[in-house]
Every structure is written in C-alpha cells, then in structure tokens.
Amino acid sequence: MRCGIISDIHGNLEALEAAIDRLGQVDAYICPGDIVGYGANPNECCDLVRRLAQVAVIGNHDAAVLGVLDISWFNLNARAAVAWTSDILSEENRSYLTRLQPTWSSEERIVVHGSLDGPLEFPYIDSPWAAMPSFDAMSEELTVCFIGHTHLAECYTQRRGVLGVDGISMTSGGKIELREGFRYVINCGSVGQPRDGNPAAACGVFDTDARTVEIVRVDYDIPATQRKIKDAGLPEALADRLSLGV
C-alpha cells in the first residue's frame, strides 16, 4: 500500500496540486494537519483534502480558524491570516475541520500534528530531545509516527529499548528504510510553506509493503501563489517568504 503524506498545506492550492500530481497513484492520503492558514485558497484546499484524504488530523491553524485555540502567541501575520481565513471559510469546510481529531492510529502507525505528549497543545518537534516525549507516548505496537507543524522535513529514530534518539534533516528529500527493531518520528515537511530553506513543496510516500518512507520536493508556481496572497489583502510577508523557503 502506498500512502501519500501531505501536511501543512496552509491554503496553498498551487503547491497542493503539484504535490498530488508528483505523488501519482497512491492508495490513500494522510494529512497531519494545518490544511488552512497563511494561503489564499483555504476552501479549495479543504475541498481537495476532504475528497482525497482517508486520514487527517487537526493542526493548530485549523483549530485557530475555528476559534478553539488561543492565538495570543501567534505572530501578527499569522493572526491576520487566521482572521481572514475564518471569515471566508465555508460552513461545509468549517464543519469538516471541526470533526478532525488530534490523533489517528492504525496498526503500526500514528498521526499527530505536533507531538504525542500534547496533541492539542501543539509542541514543536525540532530536535532529538523534543522528539523523545513522542517516542515515550508510542505504544509498543507502533513503529512510525507522522507529524507536521515545524515545516521542516526531518526524521527521528530510536532503537527499541534504548533511550537515545537520533535525528537527520531531509531538506533535499530522500528515502527512509524502516528497520526492524527501530521506531520513527517522521516529518515529511510542509506542502504549502516550507521553512527549511528549500522553497519547493514537500510531501512524502509511505510504502507499507517496501517498508520505506520517501520524502520528495516538488517545484510549483510560487509567483501565482504570491499574487493570490497579495490580491487577497493578506500580509505581503506571507507571500515573500515562499520564494525563500523560510
């Protein structure tokens, strides 16, 4: 079974469509949250995810536009995007986001937006140390945890029975082989707003038969996305950052 991983889409329709096209024929889609926020096409992105994704969990921006998350710690640009998105989000898509759960699990895999030790508090996993609580929260039968939130393509590994955690940046993409006796926390990066210095959209493929996760980077029409953000009256910084991948 081949599962496409599409996280942190953030209303960027051009990036989402490019990622879907690049992933090709997959059996299912998994979305670790943040379908909306920042970008100018939240409804169109929600429509696509609702139609394609068998699995989706709620992200902090999804929760913010519903008014169920304190956004006082958001920066001014993020707050402006939350307010704008909340105003234009359709009732159908608002209802869809409301139904999203903080985690989803099946067999050996689990999905969460931030970290398993606080699924609705949205801690960041950006170091081996920060990944340790999620490994601690994984039940014995779980092998891989898919996350988002940081907009960084990364992989954290832990040998079963060992406390230490190793981490590796996957900025340029690459393939991870899921080895017997190890557990993994994997962030396939952000489709709609990468922050690892690579402006290409990031997504992944989880092949359950081959026991691999491949992170891929996909070029898309960044200028078109930037024009939409500016035409919508959203902060220009949200458009400008896309060219830099920050």
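Nothing in this text is a laboratory measurement; each read-out follows from the coordinates by a stated rule. All of these numbers come straight from a predicted model, not from anything done at the bench. As a convention, Cβ positions derive from the backbone with ideal geometry for all residues, glycine included, and neighbour counts pool all protein chains shown.
Figures for the structure shown
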quantity: Distant-in-sequence amide H partners of residue 5 (H built 1.01 Å from N, under 5 Å); calculated: 30, 204, 205, 206
quantity: Length added when fully stretched, residue 207-residue 180, from 0.36 nm per residue minus Cα-Cα; calculated: 8.2 nm
quantity: GluC sites (Glu not before Pro) within segment 151-196: DSSP coil, no more than 13 neighbouring Cβ in 10 Å; calculated: 180
quantity: Under-5 Å amide H pairs with residue 69, H placed in peptide plane, nonlocal only; calculated: none
quantity: Label of the coordinate-derived value, Rg and Dmax of the Cα atoms in Å, listed as (i) 18.2, 52; (ii) 19.0, 68; (iii) 16.7, 53; calculated: (iii)
quantity: Ascending count of other beta-carbon atoms within 10 Å, so fewest first, for 52, 97; calculated: 52, 97
quantity: Environment charge of residue 132, counting only residues whose C-beta is closer than 15 Å and scoring Lys/Arg +1, Asp/Glu -1; calculated: -2
quantity: Around residue 54: net Lys/Arg minus Asp/Glu count, Cβ-Cβ under 13 Å; calculated: +3
quantity: Two-site FRET efficiency, residue 244 against residue 91, from Cβ-Cβ distance with R₀ of 30 Å, rounded to 0.05; calculated: 0.25
quantity: Per-pair calculated FRET efficiency, R0 = 30 Å: residue 73 and residue 139 via Cβ, rounded to 0.05; calculated: 0.50
quantity: Phi-based couplings in Hz for segment 200-210 (Karplus 6.51, -1.76, 1.60; Gly and Pro marked x); calculated: 5, 4, 10, 7, x, 10, 9, 9, 6, 7, 7
quantity: Bridge type composition, the chain - antiparallel percent by DSSP, nearest 5; calculated: 70 percent
quantity: Between segment 52-70 and segment 2-21, the alpha-carbon center distance in angstrom; calculated: 16 Å
quantity: Positive-end extreme of charge dipole, the chain - chosen from 169, 43, 119 (charges on Cβ); calculated: 169
quantity: Rounded to the nearest 20 debye, dipole of segment 2-243 from Cβ charges on Lys, Arg, Asp, Glu; calculated: 140 debye
quantity: The chain: calculated mean residue ellipticity at 222 nm from DSSP helix runs of at least 4, using -39500 (n - 2.57); calculated: -8500 deg cm²/dmol
quantity: Summed side-chain charge close to residue 220 - residues other than residue 220 whose Cβ falls under 11 Å, Lys, Arg +1, Asp, Glu -1; calculated: -3
quantity: ³J(HN,Hα) computed for each position of segment 41-53 - Karplus, 6.51 cos²θ - 1.76 cosθ + 1.60, integer Hz, glycine/proline x; calculated: 10, x, 5, 5, 5, 4, 4, 5, 5, 4, 7, 9, 8
